[in-house]
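Okay, structure first, notes after.
The numbers here are math on the coordinates, done by the rules we state, and not lab data. All of these numbers come straight from a predicted model, not from anything done at the bench. With ideal geometry, Cβ positions are generated from the backbone for all residues, glycine too; neighbour counts draw on all protein chains shown.
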Amino acid sequence: MSTQVDALIVGAGPTGLTLGLCLLKQGKSVLIAEKHLAGLDFSRAILINSDTLLALAPYGVSQHLRAAGVAVDGFTMHVNNRPISQVHFKVDELDLSHPVCLPQLKTEAILTDCFLNAGGQIIRGYEFSAQQAHETNGAWHSTLPAYHGDADDVAVQSQWLLGCDGFHSAVRTKLGIEFPGSSLAARPYAVDLELSHWPFETNVNVYMDQDGGCLAVQIGHNHLRLVTATAAQRDAFMQSLPIKQVTWDSTFDVHFHVAQRYGQDRAWLAGDAAHVHSPVGGRGMNMGILDAVTLAGAVESGDLNGYAYQRHQAAKQWVDFNQRISTIALEASASSRRTRKLLTSVLPLVGKVLGPRLASTAFSRLSSSRLERAD
């Protein structure tokens, strides 16, 4: 099988789907190649922030995301299991910029429907091979071998090669782009729970004690995503919850990387292929989607260097900050424990002085969402 398209996108996650949808709206033909036969069976991302919803609104996606998600109604900060600052947000169901909690599985399903309905194509079970791709006379020629089974290879000729293929990006390898960074020694715990009722006053909650940080976020009706630094924290937290069943339980590695460059000529990177960081702040998928919208605009305008500079700067600033706060919240090192001990002493005092302003400012800084307080 062979085909010719304007753009070959590698990776059918939220970044690749968004990029494909944006390019389709420009009148370009788009093929997305995905090596996995189906999407993830778990959700990495759980928050869609204001910037993302605003960026997706012109493409008819935000309405579906808002309808499927749980609008963020508030944020509570706890220190040593005591609330120190809580803010409630005004929720306007017509405001497409209001952030929502929504598992990535549902976000991907909505983006997939929008992409296919706009005329896009996805081929699953085919892997981009750096050894079987080359550029000749301004066009990319890629042979995609079957990743599963004995299906025939697919030969694709495209003007653009766009890598949205994650941490182990084969497109980044093909372009010879270095991906410097580091990893945490800690492996945090994540668990999804179905509850008999919602026991929190807000649907986004963070906890800090001397052992580390915890995150508890509503991801559906009476469904909770819990992320903890240690197994002991997870087990203790779960004992206090009205649990009906555990729907997912795992540990994960935390990496911090930013690509040295984002591409060249007609081959570019976006999303996790260009930057990775911890889930603290919930910006991973959001940054990838914003990469995609910006890259599509650069393809149309020709300002690819502008795309690379703008998004590289945004990634570098966030990953640096994210690494600092993730190390404090998740690592078991002596320095991290000392910092947490200081914070658990100081933050309650700050909460008494600032009241809900502390929680409001913290949520805005972490999630890049601007919300109006209800109180």
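Here are a few things to note about the model shown:
- Taking the inverse of the mean 1/r over every pair of distinct Cα atoms in the range 98-155 gives a Kirkwood hydrodynamic radius of 14.2 Å.
- In this structure the amide hydrogen of Val79, modeled in the peptide plane, comes within under 5 Å of the amide hydrogens of Ile84, Met208, none closer than 5 places in sequence on its chain.
- Note on the chain: antiparallel DSSP beta bridges, both residues inside, total approximately 70 percent of the bridges counted.
- At the listed q of 0.06, 0.11 Å⁻¹, the Debye profile of the chain, built from one uniform point per Cα, gives log10 I(q)/I(0) equal to -0.24, -0.78.
- The fraction of Cα-Cα pairs per 10 angstrom bin, counted from 0 for the range 140-204, comes to 13, 26, 21, 20, 16, 4 percent, rounded to whole percents.
- On Cα atoms only, tilt of 14-25 relative to the major axis of the chain in degrees: 50 degrees
- Among Gly297, His78, Leu241 the positive-end extreme of the charge dipole of the chain (Cβ point charges): His78
- Based on Cα contacts under 8 Å between residues 6+ apart, the range 121-181 shows a relative contact order of 28 percent.
- Value of relative contact order over the range 118-260, rounded to a whole percent, pairs C-alpha under 8 Å and six or more apart: 23 percent
- Alpha carbon centroid spacing (whole Å) that separates the range 36-102 from the range 121-178: 33 Å
- Kirkwood estimate for the range 24-145, i.e. one over the average of 1/r between Cα atoms, Å: 17.5 Å
- Net charge in the neighbourhood of Gly138 (other residues with Cβ under 9 Å of its Cβ; Lys, Arg +1, Asp, Glu -1) is -1.
- Each other residue within a Cβ distance under 9 Å of Phe252 adds +1 if Lys or Arg and -1 if Asp or Glu, for a net charge of +1.
- Charge tally in the Cβ shell below 11 Å around Leu54, where Lys, Arg are +1 and Asp, Glu are -1, Leu54 excluded: -1
- Kirkwood Rh, Cα atoms: Rg over Rh of the range 3-79: 1.06
- C-alpha long axis of helix 304-330 to longest principal axis of the chain, angle in °: 30 degrees
- Helix 104-117 axis, angle to the chain major axis (alpha carbon atoms, nearest 10°): 30 degrees
- Directionally averaged shadow of the range 185-269, computed from the convex hull of its alpha-carbon atoms, nm²: 8.2 nm²
- Other-chain or far-sequence residues with amide H under 5 Å of Val254's (modelled H): Leu184
- Amide H within-cut-off set for Arg370, under 5 Å, with H built and near neighbours excluded: Ser50
- Burial order of peptide ranges 293-301, 271-279 (average beta-carbon count within 10 Å, highest first): 271-279, 293-301
- Calculated on alpha-carbon atoms, Rg and Dmax of the range 248-317 in Å: 13.1, 45
- Here the sum of -39500 (n - 2.57) over DSSP H runs of 4 or more residues, divided by the residues of the chain, equals -11500 deg cm²/dmol at 222 nm, to the nearest 500.
- Ordering Trp160, Gly149, Gln4 by the projection of their Cα atoms onto the charge dipole of the chain, which places +1 on the Cβ of Lys and Arg and -1 on the Cβ of Asp and Glu, puts Trp160 at the extreme positive end.
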